[in-house]
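Heads up, the thing below is written out as structure tokens.
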Amino acid sequence: MAGLAILSAFVLLAVTAPLLFGAPPALGSADAPLADPSWKYLLGTDEVARDVLALVAYGGRISLVVGFLATLISVGIGTLVGIVAGYNGRRIDTFLMRVTDFFLVTPALVLAILVASIVGPSLINVIVIIGFTSWPATARVIRAQTLSVKERAFVARSRAYGAGAPHLIRRHILPNVWSLIMASSTLTVATAIFLETTLAFLGLADPTTTSWGTMMNRAFVSGAAGLGKWGYVFAPGVAVSLVVIAFTFIGRAFERILNPRLRGRQADTGAIAHAEVVVVP
Amino acid sequence: MSLLEITDLAVRFRVPGGRLRAVDGISFTVDSGEAVGLVGESGCGKTTVARAILGRLPANGRIVGGSIRLAGEELVGMPESQLRRHRWRDMSLVFQGAMNALNPVIRVGDQVIEPILQHERATRQQAQRRAAELFDRVGISPARMRDYPHEFSGGMRQRVVIAMALANRPKLLIGDEPTTALDVMVQAQILDLLESLRRELGLSLLLISHDLSVVAETCDQAVVMYAGRIVESGPIAQVYAGPMHPYTEKLLASTPDVRGERAIGTSIPGVVPDLVSPLAGCRFNPRCDRAMTACLEIDPPELIVDGHRVFCHAVTHDGRLPPPRELPVLEHARLVADAETQSVELVE
Amino acid sequence: MSRAYLGGKLLHALLTISAIMVLNFALFRILPGDPVRALLPRGIPAEQVAATRAHLGLDQPIFPDQFISYVAATASGDFGYSFQYRVPVTTLIVERAGPTVLLVGTASLLAIVIGIVIGTLAGARPGRWFDSVTVAASLVLYALPVFWLGMIAIMIFGQFGFPINGMLTPGFTPPDALAAIGDLAAHLFMPALVLALALIGQYALFMRSALVEVMTEDYIETARSKGLREEQVVIRHAVPNALLPTVTLIGINLGVIFAGAITLENVFGWPGLGSLIVSSVASRDYPVLQGAFLLIAVTVVAANLAADLVYGLLDPRVRG
């Protein structure tokens, strides 16, 4: 469970950032811009002379928060759609599935870019956009599970006793779907963070807050790559990658635990298929 | 010399619980042109025997003793590369569940041709011609060679598999439950087919089945297995008319006879034993209604009467079994049931 | 392939495209934010704003007037004019589509071929070191942001003199076709490599899983019993079956590839649709964005359709 370890490290870093680094790095607080890593500044400084390591820590807060909130929205919508579709079946199901498929097929990033360019860059917008473009994967999975639970004997029995929809959903479907929601969430967080990073890199996120994506955007724009500024270029990318890997591992572990109980394909394809239908920048 | 000689074969599997002796010292032979039926319930080791002969045991299985001689050549211990050359040429296998034995994306004709081209120096045309003949022999129009497996029914697919098994004109054909999962009518057709092929081609047949009726129809000899050991073997007629082992007797009794009385067949109480830590003595003893003290400790000795072989303590010298006693546990249960219904006091 | 299968897929694709068109239209009219105001600099007198609005046809009722004119325009290939470049959007898109196709095509080809081969090698012997390394590497590659990889590539390969910007060396008149191709290839090298790397992991992992699952089927055991060598079993019997789902993956992946291409073009200054989109976002060039979105979305739908059709052709169970 290396995933959990990595993740915890990052969360810890994000939470304790103020303690470790004092106030958020302000402009020109360090000595020189685009400095190479040194003992004082472990990862060097950025183009307006801020400590890169501190930026990574603070950036983590933004990236993680955005990821989590967006996932909340995404999984929320996805679960709702999935359960409604799976439970009601037939026409509602077909209609909802068409909608889901549509969103699956439409390239999410392009859609996100489009919407972001219209509504303008801000943290809330980004969160909402990501949430609204990543729900299909969850919806599909939840729907499948709902369908299979619906067919089981105890549901039929409850129905025979006159149980209504809310009761059935609450007592029978939700508990069985819960673990799937967890598994799906972890994978969604990974893609949400990815998406946020990409949008930020393209300049569509809130310019006043620094997330890892914004850092990369600035690194690129300031030409740090061409200048060979390893610390600045590497740090945010490594951070994002590690967090995504962490979530992916956790998600895969979840899927492996759940797999015997589901009728699904292997854990590997499951994780990849789930994540790929969202976005890979 | 027999075509297939199996002597003291032992196969062991490594399982989470330990080592499982799936086959524990069995010996039998199949002569040229003979059909031998290997009978027994699930898990008795019969499929393992088939796989061992072909050298295709799963990764956790190994032959740990005995010998398998095919046309005089020793197969146990033969390196894989050599075994591969024997496979399908001298012996071939018709699998259990042959429905899925065919690759869904390759035409059936090509699948039958494949082993021919693999093992022999034939041109594609020659191979195709032979495949067409085989299709014809098994009762499928050669025009269907270009079709895919999903276009055939279960019974037809089985025929294709048989044709495939005969592609290299093997001397020995092993059929592992070749008719399970087919309905009775198709079953009969397939068995007839196997029989006629045997006569025409001089094939030797090793038919593995849990179904006695299947074996009775096609085979000359029967070999009855239980829990990894042979309990009885001999000419079909003798074994069926006068079984010398309590297990065989029970097996035969549990098949309802259409012409017999209207009675529900007796089943054999109890379950197949744990082969990881098998009991000493005769493995059938917990379920046997002729069990004696000797059965609990000493391996049953071999007795041969007129080519009819049996491993049992209870059988007499001239091959007769004593009358069955009630199993102690069943007797007690009956007493209890009687007592309850008649409210009679139990007297121990 | 049955008519029903083909017809069903086509219908589905058409429906999706229609839905995309509606979405495209709706997005700009419904979302908050007034495009006209965002377009013009501050302090412009109100009549000017109104005039612009009228000029762009945005003062008419959304439904049915605007919608009908939108549909009509789209059907005739008229996407309006780019605010930024003042040329028809269609011209702009056509001009920029070529480089993107080149980039995406090259990268896909590389990724598909190499990915499938690696996946096959890994899946044929699951659990061995090659397999574990492949799975681990694929997961890691998958987690790395493509554009970040691009920046790293620049840092590394830039040192070796690989051009890091644009598609052709500016002001360089190639003496002959070979030199021209060479120049193009030198520029194409890094972006294509990075994009391919991002995708290889996916294909490898997917092919591997598919293969592992196929190898548990009965007909593989049959093939082995027939005396075939292990390589023959894998290549002749397992791989064709495992390729089937992988083909559909290729189609599905196109949407993903475009996403990667967009950011990557930005990093490498590659003059394709991706960088067009990015620059249009910055300058709020909505007509271009609309046109590009439609094009990309339709392409992805078409690619999915193609993948489905190809699958139908390959799998005899669907064909017959």
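Taking the stretch A:86-102 as the search range and keeping residues that are within 14 Å of chain C (Cβ to nearest Cβ) and either polar (S, T, N, Q) or surrounded by 22 or more Cβ atoms within 10 Å (Cβ to Cβ) (or both), which one is farthest from C:Thr299 (Cα to Cα)? Residue satisfying both the conditions and the ranking: A:Thr94. B:Pro104 fulfils the conditions (1) within 9 Å of chain C (Cβ to nearest Cβ); (2) in contact with a Gly (Cβ under 7 Å, 6 or more places away or on another chain) except for a single criterion, (2). B:Asp136 satisfies every condition listed in (1) more than 13 Å from every other protein chain (Cβ to nearest Cβ); (2) within 25 Å of the chain's Cα centre (by Cα); (3) under 30 Å from B:Asp211 (Cβ atoms) except (2). Just name the residue that is farthest from C:Thr100 (Cα to Cα) out of those in the stretch C:252-286 that are more than 10 Å from chain A (Cβ to nearest Cβ) and more than 14 Å from the chain's Cα centre (by Cα). Among those that are more than 10 Å from chain A (Cβ to nearest Cβ) and more than 14 Å from the chain's Cα centre (by Cα), it is C:Ser279. Looking for something over 14 Å from A:Ile127 (Cα atoms) and within 14 Å of the chain's Cα centre (by Cα) - is there at least one such residue anywhere in the stretch A:216-233? No.
Each row is one residue, and each column tells you yes or no for (1) within 15 Å of A:Ser63 (Cβ to Cβ); (2) at pLDDT below 75.
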{"position": "A:Asp206", "(1), (2)": "yes, yes"}
{"position": "A:Asn217", "(1), (2)": "yes, no"}
{"position": "A:Leu227", "(1), (2)": "no, yes"}
{"position": "A:Gly231", "(1), (2)": "no, yes"}
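Filtering the stretch B:162-198 to residues that are hydrophobic (A, V, I, L, M, F, W, C), closer than 25 Å to B:Leu70 by Cα and not in a loop (DSSP other than H, G, I, E, B) leaves B:Ile162, B:Ala163, B:Met164, B:Ala165, B:Leu172, B:Leu173, B:Ile174, B:Leu191, B:Leu193, B:Leu194, B:Leu197.
Going through B:Arg19, B:Arg69, B:Arg51 one at a time, which residue ends up being charged (D, E, K, R), in contact with a Phe, Trp or Tyr (Cβ under 8 Å, 6 or more places away or on another chain) and not in a loop (DSSP other than H, G, I, E, B)?
Numbers: B:Arg69 fails: in contact with a Phe, Trp or Tyr (Cβ under 8 Å, 6 or more places away or on another chain); B:Arg51 fails: in contact with a Phe, Trp or Tyr (Cβ under 8 Å, 6 or more places away or on another chain).
The unique qualifying residue is B:Arg19.
For the residues C:Leu313, C:Leu295, C:Leu309, the requirement of being within 14 Å of chain B (Cβ to nearest Cβ), part of a helix (DSSP H, G or I) and touching a residue at least 60 places away in the same chain (Cβ under 8 Å) singles out C:Leu313. Just to check your reading of the model, which residue among A:Ile62, A:Ile83, A:Ile124 is of a type outside the set (D, E, K, R), part of a helix (DSSP H, G or I) and within 14 Å of another protein chain (Cβ to nearest Cβ)? Answer to the check: A:Ile124.
Among helices (runs of 4 or more DSSP H) entirely within the stretch C:42-160, having at least 2 residues that are among the β-branched types (Val, Ile, Thr), surrounded by 13 or more Cβ atoms within 10 Å (Cβ to Cβ) and at pLDDT 75 or above singles out C:89-124, C:129-143, C:146-157.
Of the residues making up the stretch A:101-121, those that are touching a residue at least 60 places away in the same chain (Cβ under 8 Å) and assigned to a helix (DSSP H, G or I) number 7. Considering only the stretch B:40-47, I want to know if a residue exists there that is touching a His at 6+ places or on another chain (Cβ under 7 Å) and closer than 17 Å to B:Arg309 by Cβ. Yes: one or more hits. Of all the listed residues (C:Glu231, C:Glu221), the sole one being under 20 Å from B:Pro104 (Cα atoms), at the interface with chain B (Cβ under 10 Å from one of its Cβ atoms), in a helix (DSSP H, G or I) and at pLDDT below 90 is C:Glu221. For the stretch B:313-348, a residue qualifies if it is touching an Asp or Glu at 6+ places or on another chain (Cβ under 8 Å) and at pLDDT 75 or above, and exactly one does: B:Leu321.
Among the criteria (1) out of contact with any helix residue (DSSP H, G or I) (no Cβ under 9 Å at 6 or more places or on another chain); (2) closer than 22 Å to B:Ala71 by Cβ; (3) surrounded by fewer than 16 Cβ atoms within 10 Å (Cβ to Cβ); (4) not polar (S, T, N, Q), the one B:Leu201 does not fulfil is (1). Can you name the residue in the stretch C:296-306 that is surrounded by 19 or more Cβ atoms within 10 Å (Cβ to Cβ) and either more than 19 Å from the chain's Cα centre (by Cα) or of a type in the set (A, V, I, L, M) (or both) and is also farthest from C:Ala259 (Cα to Cα) among such residues? Checking each candidate, the answer is C:Leu305. On the stretch given as the stretch B:22-40, residues that are over 13 Å from B:Ala50 (Cβ atoms) and assigned to a loop (DSSP other than H, G, I, E, B) total 4. If you go through the stretch A:200-216 one residue at a time, how many are more than 9 Å from chain C (Cβ to nearest Cβ) and part of a loop (DSSP other than H, G, I, E, B)? Residues in the stretch A:200-216 being more than 9 Å from chain C (Cβ to nearest Cβ) and part of a loop (DSSP other than H, G, I, E, B): 7 in total. When every residue of the stretch C:204-214 is checked against the conditions, at least one turns out to be under 18 Å from B:Ile106 (Cα atoms), surrounded by 18 or more Cβ atoms within 10 Å (Cβ to Cβ) and within 12 Å of chain B (Cβ to nearest Cβ). Among residues of the stretch B:23-51 that are under 20 Å from B:Leu191 (Cβ atoms), those with a Cβ under 6 angstrom from a residue that is assigned to a helix (DSSP H, G or I) and among the β-branched types (Val, Ile, Thr), sequence gap 6+ or separate chain, pair up as B:Ala35/B:Thr218; B:Gly37/B:Val215; B:Val39/B:Val215.
Only a single criterion out of (1) more than 12 Å from chain B (Cβ to nearest Cβ); (2) within 27 Å of B:Gln158 (Cα to Cα) is not satisfied by C:Ala196, namely (2).
Test of understanding: among C:Leu249, C:Leu244, which residue is out of contact with any strand residue (DSSP E or B) (no Cβ under 9 Å at 6 or more places or on another chain) and at the interface with chain A (Cβ under 9 Å from one of its Cβ atoms)?
Values: C:Leu244 fails: at the interface with chain A (Cβ under 9 Å from one of its Cβ atoms).
Answer to the check: C:Leu249.
Could you pull out the residue among B:Arg62, B:Arg85, B:Arg89 that is away from chain C (no Cβ under 14 Å), surrounded by fewer than 21 Cβ atoms within 10 Å (Cβ to Cβ) and in contact (Cβ under 8 Å) with a residue 12 or more places away in the chain? When all the criteria are applied, what remains is B:Arg62. How many of the residues in the stretch B:112-131 are buried (at least 18 other Cβ atoms within 10 Å of the Cβ) and either over 22 Å from B:Arg84 (Cβ atoms) or within 14 Å of another protein chain (Cβ to nearest Cβ) (or both)? Residues in the stretch B:112-131 being buried (at least 18 other Cβ atoms within 10 Å of the Cβ) and either over 22 Å from B:Arg84 (Cβ atoms) or within 14 Å of another protein chain (Cβ to nearest Cβ) (or both): 10 in total. In the stretch A:103-117, how many are over 17 Å from A:Glu196 (Cβ atoms) and more than 7 Å from chain C (Cβ to nearest Cβ)? Total meeting the criteria: 2.
The values are calculated or read from the model by the stated rules, or taken from the named source; none is laboratory data. Quantities reported herein were computed from a predicted structural model and do not represent experimental measurements. As a convention, Cβ positions derive from the backbone with ideal geometry for all residues, glycine included, and neighbour counts pool all protein chains shown.
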